[in-house]
Amino acid sequence: MYASVALPFDQGQAHLHAAVNALLDGMSLEPRVLWSMQYYQADITVQALGSDSNTICLSSLSSDLALDDRELEDVKKAWLRITGESEETFLKFDAREGMEDED
């Protein structure tokens, strides 16, 4: 089973522990937890600061489990600055050897 909550770590773990116990208590057998792992995802909001033209600062990523497409905008800006390519070539890759279409 996998479960998550959007609460402070101690509070969230208490809720998850209670939910798992309630689920196990409601079963006719006497199941038990064989293995458990807990973790928390830190919300890093500090940006790197740069004072010269060789430094690229990216915004902090969201702490959501899914990557929002808007977060690629900083990556795109950095890529354009580094490569000097046009926007049309961003995330466009040549086919690797042996991966071409055979039409």
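Quick grid of which residues meet (1) surrounded by 10 or more Cβ atoms within 10 Å (Cβ to Cβ); (2) touching a Pro at 6+ places or on another chain (Cβ under 6 Å); (3) at positive phi; (4) in a helix (DSSP H, G or I):
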{"site": "CYS57", "(1), (2), (3), (4)": "yes, no, no, no"}
{"site": "SER62", "(1), (2), (3), (4)": "yes, no, no, no"}
{"site": "ALA66", "(1), (2), (3), (4)": "no, no, no, no"}
{"site": "GLU71", "(1), (2), (3), (4)": "yes, no, no, yes"}
{"site": "ASP74", "(1), (2), (3), (4)": "yes, no, no, yes"}
{"site": "ARG81", "(1), (2), (3), (4)": "yes, no, no, yes"}
{"site": "LYS92", "(1), (2), (3), (4)": "no, no, no, no"}
{"site": "ALA95", "(1), (2), (3), (4)": "no, no, no, no"}
Selection from the range 1-45 of residues that are modelled with pLDDT under 80, under 17 Å from the mean Cα position of the chain (by Cα) and either outside any loop (DSSP other than H, G, I, E, B) or hydrophobic (A, V, I, L, M, F, W, C) (or both):
ALA42, ILE44
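The values are calculated or read from the model by the stated rules, or taken from the named source; none is laboratory data. The structure displayed is predicted, hence computed values, not measured ones. Glycine also receives a Cβ, built like all others from the backbone with ideal geometry; neighbour counts cover every protein chain displayed.
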